[in-house]
Amino acid sequence: MATIIIDDCINCGACEDECPNGAISMGEEIFVIDPDLCTECVGHHGEQMCALACPPEACVQDPGRLETEETLFTRAQKIHPDRSLTLTAETSHFRAKAS
Ligand code: SF4
Ligand code: SF4
């Protein structure tokens, strides 16, 4: 699943700099996530950093966009072709939950 920002967002901006993919920006009314850039932080962090940073817990999973770890990791590699990304408990919440 990609992550989305719900109406509870208070526009504090805390999430924006936490995203390893630059997926978060100010939208028309609240901050928004570009689903084509969101990897649920797979490839970088074992948790979704925006959700971790968000005071009102407005960064949540989008139940309408189910995605596998493989899909998300492939996206991360395309976004960062110059970096050697890995899949471990520290870089994938799929594995962090399993361990
Ligand atoms: S889950 Fe990670 S990759 Fe997706 S928007 Fe949040 S910080 Fe960015
Ligand atoms: S951290 Fe949460 S409340 Fe702050 S801008 Fe991001 S989504 Fe909105």
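Mind checking which pairs have a first residue in the range 46-69 that is closer than 17 Å to Ala96 by Cα and a second that is among the aromatic types (Phe, Trp, Tyr) and within 6 Å of ligand 2 (Cβ to nearest atom), Cβ under 9 Å, 6 or more apart or different chains? Hits for this filter: Cys50/Phe31.
Hey, among the residues in the range 39-87 that are within 16 Å of ligand 2 (Cβ to nearest atom) and surrounded by fewer than 16 Cβ atoms within 10 Å (Cβ to Cβ), which one's farthest from Asp8 (Cα to Cα)? Result: Glu47. If you filter the range 37-66 down to residues that are modelled with pLDDT under 95 and out of contact with any Pro (no Cβ under 9 Å at 6 or more places or on another chain), you find that the one that is nearest to ligand 1 (Cβ to nearest atom) is Gln61. Only one of the listed residues (Ile24, Ile10, Ile5, Ile33) is surrounded by 17 or more Cβ atoms within 10 Å (Cβ to Cβ) and over 10 Å from the mean Cα position of the chain (by Cα). That residue is Ile5.
Is it the case that the range 32-43 has a residue that's more than 22 Å from Ala96 (Cα to Cα) and of a type in the set (A, V, I, L, M)? Looking for residues that are more than 22 Å from Ala96 (Cα to Cα) and of a type in the set (A, V, I, L, M), one finds at least one in the range 32-43, hence yes.
The values are calculated or read from the model by the stated rules, or taken from the named source; none is laboratory data. As the structure is a prediction and not an experimental result, all values here were calculated from the model. With ideal geometry, Cβ positions are generated from the backbone for all residues, glycine too; neighbour counts draw on all protein chains shown.
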